[in-house]
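The values are calculated or read from the model by the stated rules, or taken from the named source; none is laboratory data. Predicted model, so just to flag it, every value in this text is computed and none were measured. Glycine also receives a Cβ, built like all others from the backbone with ideal geometry; neighbour counts cover every protein chain displayed.
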Amino acid sequence: MENADKEIAVFGGGCFWCTEAVFGELRGVIGVMPGYTGGTVPNPTYDAVCTGGTGHAEATRVEFDPAQISYRDLLTVFFATHDPTTLNRQGNDVGTQYRSAIFYATPQQEIEAKQFIKELAASDPDGRPIVTEVAPLGVFYPAEDYHRQYFKNHPDAGYCRVIIEPKVEKLQKQFSQLLKTHEK
């Protein structure tokens, strides 16, 4: 499917295996790619990023058709499937590489992301601050091949069953109307 109107969105929500699995389920999503962005070292490797010394975040590049799914819908799913109130951590994954981040590809995405965060913060009954970084998208480096489609390729792995599967199940329950399985 060649679509001249496709857009790119990039999200860091902890481990990229999780975000790739979640966004890959959505209708209108043409492709997902785990990788690294937001750092200072060119051509980082997984091992280098894991040290926290490159400045990169594990992120997922989402290519989508805005005629089928809105950027706001992507933001809604992003914030519902990770904890945006924990700084540099998602569950047991700790370090700046696991930070909550939105790397905007357009000025409109920056505006929408900041507005969404403002609305989300105002609606939190506990008043917990949203620590999600909103930064311009720089160079995105695709992750090594063995990281791609990790959940699909390793569904019985412990991490997949304990961490990723519940996120995908939450997505399927809360956002069934956005799933590819509901496409006409």
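In segment 14-25 there is no residue that is among the aliphatic types (A, V, I, L, M), surrounded by 15 or more Cβ atoms within 10 Å (Cβ to Cβ) and in contact with a strand residue (DSSP E or B) (Cβ under 7 Å, 6 or more places away or on another chain).
For segment 103-142, filtered to residues that are among the hydroxyl-bearing types (Ser, Thr, Tyr) and either touching a strand residue (DSSP E or B) at 6+ places or on another chain (Cβ under 9 Å) or closer than 19 Å to GLU58 by Cα (or both), the residue that is surrounded by the fewest Cβ atoms within 10 Å (Cβ to Cβ) is THR106. Looking only at segment 37-82, count how many residues are without any contact (Cβ under 8 Å) to a residue 60 or more places away in the chain, crowded, with 23+ Cβ neighbours inside 10 Å and farther than 18 Å from LYS167 by Cβ. Count: 2. Could you tell me whether any residue of segment 11-20 is modelled with pLDDT under 95, of a type in the set (S, T, N, Q) and more than 18 Å from TYR146 (Cβ to Cβ)? Taking every residue of segment 11-20 in turn, none turns out to be modelled with pLDDT under 95, of a type in the set (S, T, N, Q) and more than 18 Å from TYR146 (Cβ to Cβ). Can we say PRO84 is part of a strand (DSSP E or B) and not charged (D, E, K, R)? When the stated conditions are applied, PRO84 does not pass them. Has segment 109-130 got any residue that is touching a Gly at 6+ places or on another chain (Cβ under 9 Å), over 24 Å from ASP65 (Cα atoms) and not basic (Lys, Arg)? Looking for residues that are touching a Gly at 6+ places or on another chain (Cβ under 9 Å), over 24 Å from ASP65 (Cα atoms) and not basic (Lys, Arg), one finds at least one in segment 109-130, hence yes.
Picking from residues in segment 87-136 that are of a type in the set (D, E, K, R) and under 27 Å from LYS6 (Cα atoms), the one that is nearest to the chain's Cα centre (by Cα) is ARG99. Mind listing whichever residues of segment 32-73 are assigned to a helix (DSSP H, G or I), within 18 Å of the chain's Cα centre (by Cα) and not hydroxyl-bearing (Ser, Thr, Tyr)? Selection gives VAL49, CYS50, ARG72, ASP73. Scanning segment 143-184 for residues that are among the small types (Gly, Ala, Ser) and either more than 19 Å from ASP93 (Cβ to Cβ) or surrounded by 14 or more Cβ atoms within 10 Å (Cβ to Cβ) (or both) gives ALA143, ALA157, SER176. In segment 122-142, what count of residues is obtained for those that are farther than 13 Å from SER100 by Cβ and either outside any loop (DSSP other than H, G, I, E, B) or at pLDDT 90 or above (or both)? Looking only at that region, the number is 9.
Can you tell me which residues in segment 134-184 are touching a Ser or Thr at 6+ places or on another chain (Cβ under 6 Å) and either charged (D, E, K, R) or free of Cβ contacts under 8 Å to residues at least 40 places away in the same chain (or both)? The answer is LYS167, and nothing else.
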